[in-house]
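Since every read-out is calculated from the coordinates, none of them should be taken as a lab result. Computed from a prediction, not measured in an experiment: that's the story for all the values here. Every residue, glycine as well, gets a Cβ built from its backbone with ideal geometry; the counts of neighbours run over all protein chains shown.
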Amino acid sequence: MDLALSPTDENFRAEVRRFLDEKLTSDLREAGKRTGGVLTDPPATAKWHKALFEKGWIAPAWPKEYGGPGWTEMQRYIFASECMTAHAPILANFGTRMCGPVLMKFGSPEQKAFYLPRILAGDDYWCQGYSEPGSGSDLASLQMKAVRDGDHYVLNGTKIWTTHAHFANRMFCLVRTAQGTKPQEGITFLLLETKTPGFEVRPIITMAGDHEVNQCFFDNVRVPVANRVGEEGQGWTIAKYLLEFERGNAYAAALQAKFKAVKQAAAIERHDGAALAADEQFARKLVEMDIELQGLMMTEHRVMSQLAQGQNPGPASSLLKARGTEMSQRLTELGIEALAFYIAPFEPEARKQGANVKPVTPDHGLVFMPQYLNTRAATIYGGSSEVQRNIMSKLILGF
Ligand SMILES: Cc1cc2nc3c(=O)[nH]c(=O)nc-3n(C[C@H](O)[C@H](O)[C@H](O)COP(=O)(O)OP(=O)(O)OC[C@H]3O[C@@H](n4cnc5c(N)ncnc54)[C@H](O)[C@@H]3O)c2cc1C
């Protein structure tokens with residue numbers, strides 16, 4: 001397989017690199033590097049969002065008519081990969097990659113005119129209210145009630161694992177407006193403001209000490225019927241459409257950046273008087289990881305080329321999700337091994353943007369432990385590995 005970029009794509013990559021060199025200031029790179037969880041926290045993300053918005057690059061997958069850059073699949077992949085390699089802050093994609101495409105397809109003209117420009121400009125910070133206690137993989141079993149009362153729906157119930165709900169001013173959510181004969185029936189897609197009376201966010205602190213996810217409670221929260229996307233009961237169709245956009249496909253670049261950090265740490269850390277990287281057993285693990293990363297990258301390129309020809313990736317997106325996240329976990333385990341006893345200090349404060357606390361852990365491994373802990377969730381969110389394997393077996397083996 002020829003992995004060389006076309007001259008047009010080479011030029012595009014050079015343009016992206018020039019932009020990153022100029023706009024990705026050292027504070028932004030630092031915030032990206034110190035991200036222990038899935039997303040970087042504001043305010044670094046707000047600054048980075050603005051820079052991308054001004055350049056017209058904030059929503060790589062949006063069509064030009066809605067303010068997207070009109071890139072090809074390959075250009076989007078190159079852009080995502082270059083951002084990860086350069087340690088750009090990791091932006092929440094609930095607006096650009098989830099709610100935006102849903103509104104383009106199912107939103108009313110008024111909803112499109114109001115929300116889409118605000119998503120591009122970063123005026124709104126969205127969160128995703130899908131999961132409930134007891135309804136994750138089996139999402140169609142969700143129970144949060146929305147009862148019609150005049151021009152409003154009245155919401156009661158709870159959503160859980162809501163990433164960045166504490167930063168969000170808006171949520172898109174799935175609610176139950178009726179009990180159908182099948183659980184997929186009677187689900188409706190709503191947009192709401194998090195400042196609405198009766199809406200409460202309670203933090204869930206991860207074992208890495210980060211506040212990334214929350215549980216949200218709804219006590220008679222009134223949402224205008226005008227905030228419904230699509231028809232009442234069409235929520236499941238919309239939810240499935242949205243999930244197509246949720247999964248990323250540029251894992252290799254993010255993993256390469258992490259791998260580079262582990263190799264750097266192994267060159268510094270000592271084992272039996274020599275650099276850890278020279279230890280035969282550790283060196284073997286690094287080489288094995290390198291080979292697997294090359295394999296993942298080639299698979300990503302193959303999928304890119306299928307998408308570029310208008311083909312559906314089929315089971316490949318499940319394969320990339322399962323493989324990418326499982327490799328990410330193993331990579332963080334190598335980081336832990338490299339850092340040895342330096343993994344012990346628990347110092348989430350030292351990783352905060354603008355922190356003036358001198359960490360005990362050396363800089364080259366400051367995020368290894370939080371990344372190790374946070375990455376345990378990667379095989380659960382966005383569709384667990386088991387569920388991905390179910391999808392693959394159904395599509396490939398037919399059962
Ligand atoms: C860090 C993090 C962030 C998240 N952010 C959000 C968010 O912003 N918004 C949101 O709505 N949700 C969010 N989620 C929730 C996420 O989507 C769910 O955790 C996920 O869908 C799994 O659901 P669950 O936790 O209920 O586990 P369950 O579905 O109960 O699964 C438990 C175990 O059973 C396995 N299992 C379940 N069904 C099957 C099956 N059919 N076959 C084989 N094995 C199966 C699973 O693989 C898993 O190992 C987040 C989760 C995490 C961990």
The size of the Cβ-based charge dipole (Lys, Arg +1; Asp, Glu -1) of the stretch 137-188 about the Cα centre, to the nearest 20 debye, is 60 debye
Once phi is turned into ³J(HN,Hα) by the Karplus curve 6.51 cos²θ - 1.76 cosθ + 1.60 with θ = phi - 60°, what whole-Hz value does each residue of the stretch 145-154 show in order, with x for glycine and proline? 8, 10, 10, 5, 9, x, 8, 10, 9, 10
Simple spin-label estimate for Met298/Ser141, 7 Å along Cα→Cβ, in nm, reads 4.1 nm
Residue order, fewest to most beta carbons within 10 Å, for Leu255, Leu5: Leu5, Leu255
What is the fewest-to-most order of Met144, Met207 by other Cβ atoms lying within 10 Å of their Cβ? Met207, Met144
When the chain is fully extended, how far beyond the present Cα-Cα distance does Arg17 get from Arg376, taking 0.36 nm per residue of separation? 126.1 nm
Restricting to Cα pairs under 8 Å and 6 or more apart, the percent relative contact order of the stretch 328-379 works out to 49 percent
Arrange Glu54, Glu132 by Cβ neighbour counts within 10 Å, fewest through most, would you? Glu54, Glu132
Cβ-Cβ FRET estimate between Arg202 and Asn227, R0 fixed at 30 Å, reported to 0.05: 0.80
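Taking the Cα centre of the chain as origin, work out the dipole magnitude from +1 charges on Lys and Arg Cβ and -1 charges on Asp and Glu Cβ, in debye rounded to 20.
Here the size comes out at about 420 debye.
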Does the stretch 247-397 come out rounded, prolate or oblate, given a ≥ b ≥ c as the square roots of the eigenvalues of its C-alpha gyration tensor, rounded meaning a/c under 1.5 and, failing that, prolate meaning a/b above b/c? prolate
With +1 at each Lys and Arg Cβ and -1 at each Asp and Glu Cβ, the charge dipole magnitude of the stretch 1-62 around its Cα centre, to the nearest 20 debye, comes out at 240 debye
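From Cα pairs below 8 angstrom and at least 6 apart in sequence, can you work out the relative contact order of the chain, rounded to a whole percent?
Numbers: 618 pairs, mean separation 59.9, N = 399.
It comes to 15 percent, rounded to a whole number.
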At 0.36 nm per residue, and after removing the present C-alpha to C-alpha distance, how many nm does the segment from Gln329 to Asn156 gain when stretched out fully? 58.6 nm
Provide the FRET efficiency to the nearest 0.05 for the Phe346-Ala274 pair, computing r from the beta carbons and using R0 = 25 Å. 0.25
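If R₀ is 22 angstrom, what is the calculated FRET efficiency for the pair Gln179 and Met104, using the beta carbon separation as r and rounding to 0.05?
After rounding, the FRET efficiency stands at 0.15.
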Assign one of three labels to the stretch 134-194, namely rounded, prolate or oblate, based on the Cα gyration tensor with a ≥ b ≥ c the square roots of its eigenvalues; rounded applies when a/c is under 1.5, prolate when it is not and a/b is larger than b/c, and oblate otherwise. oblate
With the crude spin-label approximation of a point 7 Å out along Cα→Cβ, what separation in nm comes out for Lys358 versus Ser393? 5.5 nm
Just to check I understand the Karplus step: with θ = phi - 60° and J = 6.51 cos²θ - 1.76 cosθ + 1.60, what whole-Hz values come out for the stretch 362-371, glycine and proline as x? x, 3, 5, x, 4, 9, 4, 5, x, 5
